[in-house]
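Since every read-out is calculated from the coordinates, none of them should be taken as a lab result. None of the values given here were measured: they were computed from a predicted structure. Backbone-built Cβ (ideal geometry, glycine too); neighbour counts: all protein chains shown.
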Amino acid sequence: MKKNMYTRITIVLFIIGLMIAVQYNTIKQPAERDTRDIWAIREELAEEKQRHSTLLAEIRSLNEVVGRYEQSEKANLQSALYQTLNRLKLQAGLTEVTGPGVVLRVEPAPELVEMGYEIKEISPDLLTQLLNALFKNNAASVSIDGNRVIQTTAIRDINGKTTVNSVPLSAPPFEIYVGTSSFKEAQKMYNSLQASTFIDSFYLDNFNLIIEEPAEHLTIPAFDQPLTNDYLTEVKKGE
């Protein structure tokens, strides 16, 4: 009887030891290793912190709106609603904006033109990459060749023509206006773009990307096309 009991205890202890060894090995050697270098991790962390900062700013803005509603009397309620409407229109790009910013000018490289190189349409991919870089550098508002860029803006090739909001771009030269929240942000964007590789990327496509000095007053036009909405419908009064 004692021999059977010792055998069972030995088997149970063996199983427990095996489970502990497997668990230790799993913790010590994870299935997937993060092979990114420190700069890639730092860049991703910076993007997450930027998103976190943006969300906090939006929450603070919404809390201010709630506070105005709570403090408003019935006579001032309409004014609070108009303030909210104007703020939303500003965020959506439906109003003209004047403030500090940077002007970028895209023009054919003159030396390449003289050498007989054919200047083709600027590619939508190159323009999209530049636009992403601008917003990554805290651009508050952007217009490309007079076309305001908003959340639903599409940059694509239509019948061989590069379009913004379905409007074909003018033949170069054309300008890109970039508005910022402050003149300091405009200076930071200017320095960042000067040190980037986008100038070389444009030159490879036979274009010069000229980045002008930051300006104190720059006017970004409003989005002037009908907005499409696939999810919301207008509720008629009385329904």
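Listing for the model above:
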| read-out | value |
| --- | --- |
| Amide H contacts under 5 Å for V149, placed H, 5+ residues apart | V142, S143, I144 |
| Computed lengthening from R156 to D125, 0.36 nm per intervening residue step minus Cα-Cα distance | 10.3 nm |
| For region 97-220, size of Cβ-based charge dipole, Lys and Arg +1, Asp and Glu -1, in debye | 520 debye |
| Residues Q83 and D200, FRET efficiency given R0 of 35 Å [Cβ-Cβ distance, rounded to 0.05] | 0.15 |
| Contact order normalised by residue count of region 97-220, Cα under 8 Å, 6+ apart, percent | 48 percent |
| Prolate/oblate/rounded call for region 97-220, Cα gyration tensor, a/c under 1.5 rounded | oblate |
| Summed residue charge, Cβ within 14 Å of S170's Cβ, Lys/Arg positive, Asp/Glu negative | -2 |
| Prolate/oblate/rounded label for region 116-182 (Cα gyration tensor, a/c 1.5) | prolate |
| Likely footprinting exposure, E43, E107, fewest C-beta neighbours within 10 Å first | E43, E107 |
| Cut-off 13 Å between beta-carbons: net charge of the residues surrounding E107, Lys and Arg +1, Asp and Glu -1 | -4 |
| Residue-count net charge about L130 - beta-carbon cut-off 14 Å; Lys, Arg +1, Asp, Glu -1 | -3 |
| Cut-off under 5 Å, modelled amide H: who pairs with T162 long-range | L169 |
